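Participant: Pasting a structure below so you can have a look.
The values are calculated or read from the model by the stated rules, or taken from the named source; none is laboratory data. For clarity, every value in this text was computed on a predicted model and none was experimentally measured. Ideal geometry is used to build each Cβ from the backbone, glycine not excepted, and the neighbour counts take in all protein chains shown. Just the protein is used for accessible areas: all its heavy atoms, side chains included, with ligands, DNA and RNA removed. Shrake-Rupley method; radii C 1.70, N 1.55, O 1.52, S 1.80 Å.
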Amino acid sequence: MSLTAPNPLADLGIKTTVHLNPGVDELYAHAIRLGEGVQAATGPLTVRTNKTGRSPKDRFIVEDDLTRDTVWWGGFNTPIGAGVFDRLLEKMTRFAEGTELFVQQVYAGTDPRYRIGCRMVTEMAYHSLFIRNMFVRPTEAELAGFHEDWTVLNMPSFRADPATDGTRSDTFIIVNFTRKMIIAGGTQYAGENKKGIFGVLNYLLPAQGVMPMHCSANVGADGDVALFFGLSGTGKTTLSADPSRKLIGDDEHGWTDTGIFNFEGGCYAKVINLNPEAEPAIYQTTRTYGTVLENVVLNGDGTPDLNDGSLTENTRSAYPIDQIANVQPGSLAGHPKNIVFLTADAYGVLPPISRLSPEQTMYQFISGFTAKIPGTEDGVTEPSPTFSTCFGAPFMPRHPGEYARLLAQKVQESGARVWLVNTGWTGGKYGTGKRMSIAHTRAMLSAALSGALDGVAFETEPFFGLEIPTEVPGVPAAVLNPRDAWSDQAAYDETARKLARMFRENFGRFEDGVELAVTASMPNPDA
Ligand code: ATP
Ligand code: MN
């Protein structure tokens, strides 16, 4: 293998074998040669990783003159000194001489006005394929004049020494806004590549009047756009892949003065227990050449076993968006008509669908609630609540109030309707009730998006002040009001009060930064 000439990493002082913009076939060959994975009998490159999820505690932002007063420190935004970054980069540069590296020149963002050119430098060939699938691939002409705004240097086999390097562990992801660089080591989880750049856009775009969002998006036959916000596991990917609507993207979007654009050129779907009948489009990607399957176990005959969660429950398929049949060309569309906040409430308290006022919209957006089911620990039956501001706290460098105000302004200007949809439990909390059926959730969404709910009567529930439709085509009336769905209504009231108190306690952190009207839409535990 020869050095690509001229050396595409000369500015970093890295002298080693560099593969510039390799294609899919080449990356399969490299990944297999380097022992990163194998080709599944159904086609995808299948890999195992040392970490099977993100490492939010090992993510840092360099604190300097640029970020000191513009980043909201605390929570997931942990400051680190510029010196730590510089020393680690220096070490990585030297370490790189003994490795071979892969470079992809790709965009983050489908809107040419706001996209950033990314030079993605990875030690793993499979990361390079992941990046090719997940980012926006430039045309030949765009590649010829490619401008690199940001560089990501990701070398999983480089490990930091916390004692001398100033990190928390041997794993680190450090974002440096001044140098326009992200460096990462210690983790093979490919999702860090995309989430790192997501965080960069989430910082840059608000300054340009663009709202960055952790949401999926699709568009109906008559051009009506819908957004689906939600934390991990709430259904962004599942519910946006709707055969009757064109997919814009499944995870990260921007909202500009003209409408919605995808940050990505691919999707990253969970595939554990994937049902081919319920989710045929996503299932098909696990049988397609070019897909990356992460931590999926293969059967003896080389076919994927999607029901095997022995490596992790977070098994993933990463594929270019055009593997889905019904996609919006260019992943660009107009202003949204409907916005859905997805929550998977394992307390079974929140209604399966409700309509939000502008103040409730801000309140729910800043709260960012979901409640996961307990892990596999014996005897644990209490759901674990998560409040993650903007439905994506780990990726939001600025103060939540900044994003909430931008969203409120865009919602007002566009006249979009906002819905809260509980894809979690019904009829009781986790342990007693059951998960909402996907068919019911889809029926409720299709009624909301089509305007069919505009004509029906709504009732207001007392704890959260949420407006619940009294009828939805294709959904039994008893499912719509969560209190009616519980057999023990006293238990419902008790659980609802408890959840209302959790909401109030969480919101205490933000009260200073938001308007009184928003604070007034706090839930009432004494109802
Ligand atoms: P991430 O941010 O991690 O990508 P996501 O929001 O895209 O998460 P999905 O990948 O869509 O979440 O996961 C939702 C999971 O919940 C899927 O496994 C889906 O099958 C399951 N599920 C069960 N019931 C429902 C429901 N009523 N609505 C949506 N998803 C449901
Ligand atoms: Mn998703």
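Participant: Failed condition for GLY233, given (1) surrounded by fewer than 24 Cβ atoms within 10 Å (Cβ to Cβ); (2) part of a strand (DSSP E or B), with all others met?
Facilitator: All conditions are met except number (2).
Participant: Still on this structure, please answer the following. One residue is enough: does the range 110-133 have a residue meeting the conditions open to solvent by 10 Å² or more (accessible area, probe 1.4 Å), of a type in the set (S, T, N, Q), modelled with pLDDT of 95 or more and in contact with a helix residue (DSSP H, G or I) (Cβ under 9 Å, 6 or more places away or on another chain)?
Facilitator: Within the range 110-133 (the criterion being open to solvent by 10 Å² or more (accessible area, probe 1.4 Å), of a type in the set (S, T, N, Q), modelled with pLDDT of 95 or more and in contact with a helix residue (DSSP H, G or I) (Cβ under 9 Å, 6 or more places away or on another chain)), the answer is yes, since at least one residue qualifies.
Participant: Which one of the conditions (1) under 19 Å from the mean Cα position of the chain (by Cα); (2) open to solvent by 50 Å² or more (accessible area, probe 1.4 Å) does PRO329 fail to meet, given that it meets all the rest?
Facilitator: In the conditions (1) under 19 Å from the mean Cα position of the chain (by Cα); (2) open to solvent by 50 Å² or more (accessible area, probe 1.4 Å), PRO329 misses (1) alone.
Participant: So GLU402 fits all but one of (1) more than 25 Å from the chain's Cα centre (by Cα); (2) part of a helix (DSSP H, G or I); (3) acidic (Asp, Glu); what number is the exception?
Facilitator: (1)
Participant: Still on this structure: Which condition breaks for ASP224 when tested against (1) open to solvent by less than 10 Å² (accessible area, probe 1.4 Å); (2) outside the structural domain of CYS118 (by TED's automatic domain parsing)?
Facilitator: (1)
Participant: Out of curiosity, is SER157 in contact (Cβ under 8 Å) with a residue 40 or more places away in the chain, closer than 29 Å to GLN39 by Cβ and crowded, with 21+ Cβ neighbours inside 10 Å?
Facilitator: Working: in contact (Cβ under 8 Å) with a residue 40 or more places away in the chain: yes; closer than 29 Å to GLN39 by Cβ: yes; crowded, with 21+ Cβ neighbours inside 10 Å: no.
For SER157, the condition - in contact (Cβ under 8 Å) with a residue 40 or more places away in the chain, closer than 29 Å to GLN39 by Cβ and crowded, with 21+ Cβ neighbours inside 10 Å - is not met.
Participant: Then there is this: Name the single residue, out of those in the range 59-72 being surrounded by 14 or more Cβ atoms within 10 Å (Cβ to Cβ) and closer than 11 Å to ARG398 by Cα, that is modelled with the lowest pLDDT.
Facilitator: Looking at the filtered set, the residue picked out is TRP72.
Participant: Do the conditions hold for TYR283, that is, is it at pLDDT 95 or above, more than 22 Å from ALA29 (Cα to Cα) and more than 19 Å from the chain's Cα centre (by Cα)?
Facilitator: yes
Participant: Taking the options ILE260, ILE248, name whichever one is away from ligand 2 (no atom under 16 Å from the Cβ), of a type outside the set (Ser, Thr, Tyr), within 19 Å of the chain's Cα centre (by Cα) and open to solvent by less than 10 Å² (accessible area, probe 1.4 Å).
Facilitator: On the way: ILE248 fails: away from ligand 2 (no atom under 16 Å from the Cβ).
That would be ILE260, the only listed residue that is away from ligand 2 (no atom under 16 Å from the Cβ), of a type outside the set (Ser, Thr, Tyr), within 19 Å of the chain's Cα centre (by Cα) and open to solvent by less than 10 Å² (accessible area, probe 1.4 Å).
Participant: Ok, one more. Given (1) of a type in the set (Phe, Trp, Tyr); (2) in a helix (DSSP H, G or I); (3) touching a Phe, Trp or Tyr at 6+ places or on another chain (Cβ under 9 Å), identify the lone condition not met by TYR283.
Facilitator: (3)
Participant: Could you list, in sequence order, all residues of the range 159-194 that are in contact with a strand residue (DSSP E or B) (Cβ under 6 Å, 6 or more places away or on another chain), assigned to a loop (DSSP other than H, G, I, E, B) and under 27 Å from ALA207 (Cα atoms)?
Facilitator: Residue satisfying the conditions is LYS180 alone.
Participant: What helices (runs of 4 or more DSSP H) lie completely within the range 428-527 and have 1 or more residues being modelled with pLDDT of 95 or more, surrounded by 15 or more Cβ atoms within 10 Å (Cβ to Cβ) and touching a Phe, Trp or Tyr at 6+ places or on another chain (Cβ under 9 Å)?
Facilitator: Values: elements: 438-450, 477-480, 482-485, 489-507, 516-519.
The helices (runs of 4 or more DSSP H) meeting that bar are 438-450, 482-485, 489-507.
Participant: Mind listing whichever residues of the range 24-50 are surrounded by fewer than 19 Cβ atoms within 10 Å (Cβ to Cβ), in contact (Cβ under 8 Å) with a residue 40 or more places away in the chain and in a loop (DSSP other than H, G, I, E, B)?
Facilitator: LEU34, ALA41, THR42, GLY43, ARG48, ASN50
Participant: Specify the residue that is nearest to ligand 2 (Cβ to nearest atom); the eligible residues are those in the range 267-290 that are touching a Gly at 6+ places or on another chain (Cβ under 7 Å) and of a type in the set (Ser, Thr, Tyr).
Facilitator: We begin by selecting, within the range 267-290, every residue touching a Gly at 6+ places or on another chain (Cβ under 7 Å); these are 268, 272, 287-289.
Still in the running and of a type in the set (Ser, Thr, Tyr): 268, 288-289.
Values: TYR268: 6, THR288: 18, TYR289: 22 Å.
Only one residue tops the list, namely TYR268.
Participant: For the range 199-245, what are the residues that are within 11 Å of the chain's Cα centre (by Cα), small (Gly, Ala, Ser) and under 20 Å from PRO280 (Cβ atoms)?
Facilitator: Selection gives SER216, GLY235.
Participant: Which ones in the range 333-344 are more than 26 Å from GLU515 (Cβ to Cβ) and buried (at least 19 other Cβ atoms within 10 Å of the Cβ)?
Facilitator: Keep residues of the range 333-344 that are more than 26 Å from GLU515 (Cβ to Cβ), which gives 333-334, 344.
Within the range 333-344, ALA333, ALA344 qualify.
Participant: Hey, among the residues in the range 267-296 that are open to solvent by 20 Å² or more (accessible area, probe 1.4 Å) and β-branched (Val, Ile, Thr), which one's nearest to ligand 1 (Cβ to nearest atom)? Break it down stepwise before answering.
Facilitator: Step one: filter the range 267-296 for residues open to solvent by 20 Å² or more (accessible area, probe 1.4 Å), giving 270, 272-273, 275-281, 283-284, 287-289.
Restricting the remaining residues to those that are β-branched (Val, Ile, Thr) gives 272, 288.
Details: ILE272: 7, THR288: 18 Å.
Out of the qualifying residues, it is ILE272.
Participant: Moving on to the next point. Considering each of MET362, MET396 in turn, give the residue that is away from ligand 2 (no atom under 16 Å from the Cβ), in contact with a Cys (Cβ under 6 Å, 6 or more places away or on another chain) and in the same structural domain as PHE510 (by TED's automatic domain parsing).
Facilitator: Working: MET362 fails: in contact with a Cys (Cβ under 6 Å, 6 or more places away or on another chain).
Result: MET396 is the single residue among MET362, MET396 that is away from ligand 2 (no atom under 16 Å from the Cβ), in contact with a Cys (Cβ under 6 Å, 6 or more places away or on another chain) and in the same structural domain as PHE510 (by TED's automatic domain parsing).
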